[in-house]
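The values are calculated or read from the model by the stated rules, or taken from the named source; none is laboratory data. Given the structure is predicted, the values throughout are model-derived calculations rather than measurements. Reconstructed Cβ throughout: ideal geometry from the backbone, glycine too, with neighbour counts over all protein chains shown.
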Amino acid sequence: MATDDLTFEQLCELFNYTPRNRFLDTKDLSEICNLHASTFDHLRLRGGGPRYFKPAGTRRVWYSERDLLLWMASGARQSTSDDIAA
């Protein structure tokens, strides 16, 4: 099953994630993924990482929980020799 075919509930179960039922900010992502917040800043700059939202006229950046979980699931591999999709 492709990761895009997973429901939000299946993604939550896959990562043992309890939904917060709100948009997430960079600090939330760093807590969930155990990565430094600046990692997500760099990913946004390079065009990687989960899809994000930046309302016009603001400096705020938000992520949907589903987009974060889909991004995490996109890194699933069976072997170190698996091709990494760009």
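Looking at the stretch 5-16, is at least one residue in contact with a Ser or Thr (Cβ under 9 Å, 6 or more places away or on another chain) and part of a loop (DSSP other than H, G, I, E, B)? Checking the stretch 5-16: not a single residue is in contact with a Ser or Thr (Cβ under 9 Å, 6 or more places away or on another chain) and part of a loop (DSSP other than H, G, I, E, B).
Here's the yes/no breakdown for (1) modelled with pLDDT of 95 or more; (2) crowded, with 17+ Cβ neighbours inside 10 Å; (3) closer than 22 Å to A2 by Cα; (4) in contact with a Lys or Arg (Cβ under 8 Å, 6 or more places away or on another chain):
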residue	(1), (2), (3), (4)
F23	yes, no, no, no
D28	yes, yes, no, yes
Y52	yes, yes, yes, yes
E65	yes, yes, yes, yes
A76	no, no, yes, no
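Remark: pairs (first residue in the stretch 60-78, more than 12 Å from Y17 (Cα to Cα); second residue aromatic (F, W, Y) and surrounded by fewer than 16 Cβ atoms within 10 Å (Cβ to Cβ); Cβ separation under 6 Å; 6+ apart in sequence or on different chains) = W62/F23; W62/F53. Can you confirm whether T58 is loosely packed, with under 10 Cβ neighbours inside 10 Å, at pLDDT 95 or above and β-branched (V, I, T)? The answer is no for T58. Is it true that T18 is touching a Cys at 6+ places or on another chain (Cβ under 8 Å) and of a type in the set (S, T, N, Q)? In short, yes.
Is it true that S38 is farther than 20 Å from T3 by Cα and either touching a helix residue (DSSP H, G or I) at 6+ places or on another chain (Cβ under 6 Å) or touching a residue at least 60 places away in the same chain (Cβ under 8 Å) (or both)?
Spelling it out, it is not the case that S38 is farther than 20 Å from T3 by Cα and either touching a helix residue (DSSP H, G or I) at 6+ places or on another chain (Cβ under 6 Å) or touching a residue at least 60 places away in the same chain (Cβ under 8 Å) (or both).
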